[in-house]
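The values are calculated or read from the model by the stated rules, or taken from the named source; none is laboratory data. Here the structure is a predicted model, which is why all the values come from computation and not from measurement. Virtual Cβ from ideal backbone geometry, glycine too; neighbours counted across all protein chains shown.
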Amino acid sequence: MSISISNLSKNYGIQKAVNNISFNVNKGEIVGFLGPNGAGKSTTMKMITGYLDADAGNIQVCGINVTKNNVESKKKIGYLPEANPLYFEMYVREYLLFTAGVHQLKNSKERTEEIIKTVGLTLEANKKIGQLSKGYKQRVGLAAALIHEPEVLILDEPTSGLDPNQIIEIRNVIKALAKNKTVLFSSHILQEVEAICDRVIIINKGNIVADDSLQNLQLAKAGQQFVSVTFQEDIDISDLKNLQAAINISSNGNTFRIQTNDAENLRKQILKLSIDKNLNIVSLQNQNNSLEDVFRDLTTSA
């Protein structure tokens, strides 16, 4: 396992920021690490990278104990923190050459040019970092995290500030890298997590409340089946609320998302309603819980 965490804890005074958590991440995995603000995500990532000492527990990165061999473990890690630390007065290429030097890379010039191309900084390479947009600053931070070809990537909000096209580009970079690396990926953009990750860990108030494949999490909660239906005509929502199998209904125009305990029965009732009311159905299909549904359910309870 590339990342192995057991019984990890961190307190700030009487507040338990991270409370006795354990999980593993294997090579080739992209794992989404989610939680509301203040849940303990960034604190956990900082402890994995060795930038913050744990109060209790054990962390191993590529078999190296982070507490006992901090410097050696950091050599295995590429880290992009949420607050991206950059030298704004340095030029992009200059900064990445400097970073390569810190890592004592023998092929620093070649590797710098390679990583500039990989993250899409070719046109910005001769600009000062302070002149770049937030999105391009994020790319510089990602390039710095990747330049020494680490085995493990810790990415805290890596797509923050990027426009939709840039997000897709960085998403593709992360996916390509994951073939031979381990990626722990934090984001508040749940659609990004759904697009990139097969497995999700959710932390809330310092405790892990979920650790499973995305598919299993979406199917896990009993009684949380959904049916989506779109009508060609306008319909009175009260007609749908009167269906026996309907529990809760949300709508967007003529499209309705209906929670039910019996999706098959609900579909039959919707078809009968459409015949009785002379309505045309554009689409009718089952839906899994969205990641947003799962996240809200696990992190909004008292």
Among the residues of segment 112-135, which ones are free of Cβ contacts under 8 Å to residues at least 40 places away in the same chain and crowded, with 20+ Cβ neighbours inside 10 Å?
-> 112, 115, 116, 121, 124
When (1) surrounded by 19 or more Cβ atoms within 10 Å (Cβ to Cβ); (2) out of contact with any His (no Cβ under 8 Å at 6 or more places or on another chain) are applied to residue 93, the one that fails is (1)
Looking across segment 153-186 at residues that are of a type in the set (Gly, Ala, Ser) and touching a strand residue (DSSP E or B) at 6+ places or on another chain (Cβ under 7 Å), the single one that is farthest from residue 23 (Cα to Cα) is 178
Going by the structure shown, is residue 57 surrounded by fewer than 21 Cβ atoms within 10 Å (Cβ to Cβ), assigned by TED's automatic domain parsing to the domain that holds residue 137, more than 18 Å from the chain's Cα centre (by Cα) and assigned to a helix (DSSP H, G or I)?
-> no
Residue list for segment 153-172, restricted to those being over 12 Å from residue 80 (Cβ atoms) and either in contact with a Cys (Cβ under 7 Å, 6 or more places away or on another chain) or in contact (Cβ under 8 Å) with a residue 40 or more places away in the chain (or both) = 166, 169
If you check residue 42 against the conditions, is it farther than 17 Å from residue 10 by Cα and hydroxyl-bearing (Ser, Thr, Tyr)?
-> no
Breaking point among (1) closer than 30 Å to residue 26 by Cα; (2) surrounded by 19 or more Cβ atoms within 10 Å (Cβ to Cβ); (3) aliphatic (A, V, I, L, M), for residue 227 = (1)
Say we look at segment 238-251 and pick out the residues that are in a strand (DSSP E or B) and free of Cβ contacts under 8 Å to residues at least 12 places away in the same chain; which of these is surrounded by the most Cβ atoms within 10 Å (Cβ to Cβ)?
-> 250
Working only within segment 69-110, note down all residues that are small (Gly, Ala, Ser) and over 13 Å from residue 146 (Cα atoms).
-> 73, 83, 101
Taking the stated definitions as given, is residue 181 surrounded by fewer than 16 Cβ atoms within 10 Å (Cβ to Cβ) and not polar (S, T, N, Q)?
-> no
Scan segment 73-98 and report the pairs whose first residue is in contact (Cβ under 8 Å) with a residue 24 or more places away in the chain and whose second residue is among the acidic types (Asp, Glu) and assigned to a helix (DSSP H, G or I), with Cβ atoms within less than 6 Å and a gap of 6+ or a chain change.
-> 92/124
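A quick yes/no check of all residues on (1) modelled with pLDDT of 90 or more; (2) outside the structural domain of residue 42 (by TED's automatic domain parsing); (3) among the acidic types (Asp, Glu):
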{"residue": "78", "(1), (2), (3)": "yes, no, no"}
{"residue": "86", "(1), (2), (3)": "yes, no, no"}
{"residue": "94", "(1), (2), (3)": "yes, no, yes"}
{"residue": "97", "(1), (2), (3)": "yes, no, no"}
{"residue": "104", "(1), (2), (3)": "yes, no, no"}
{"residue": "120", "(1), (2), (3)": "no, no, no"}
{"residue": "159", "(1), (2), (3)": "no, no, no"}
{"residue": "164", "(1), (2), (3)": "no, no, no"}
Report yes if residue 212 is in the same structural domain as residue 191 (by TED's automatic domain parsing) and either surrounded by 13 or more Cβ atoms within 10 Å (Cβ to Cβ) or touching an Asp or Glu at 6+ places or on another chain (Cβ under 9 Å) (or both), otherwise no.
-> yes
Failed condition for residue 141, given (1) farther than 21 Å from residue 91 by Cβ; (2) in contact (Cβ under 8 Å) with a residue 60 or more places away in the chain, with all others met?
-> (1)
Could you please give the count of residues in segment 72-94 that are part of a helix (DSSP H, G or I) and touching a Leu at 6+ places or on another chain (Cβ under 7 Å)?
-> 1
Near pairs, Cβ below 6 angstrom, 6+ apart or cross-chain, from segment 214-234 (charged (D, E, K, R)) to any residue that is surrounded by 15 or more Cβ atoms within 10 Å (Cβ to Cβ) and modelled with pLDDT of 70 or more | 233/279
Enumeration of residues in segment 1-25 that are within 19 Å of residue 174 (Cβ to Cβ) and more than 16 Å from the chain's Cα centre (by Cα) | 2, 3
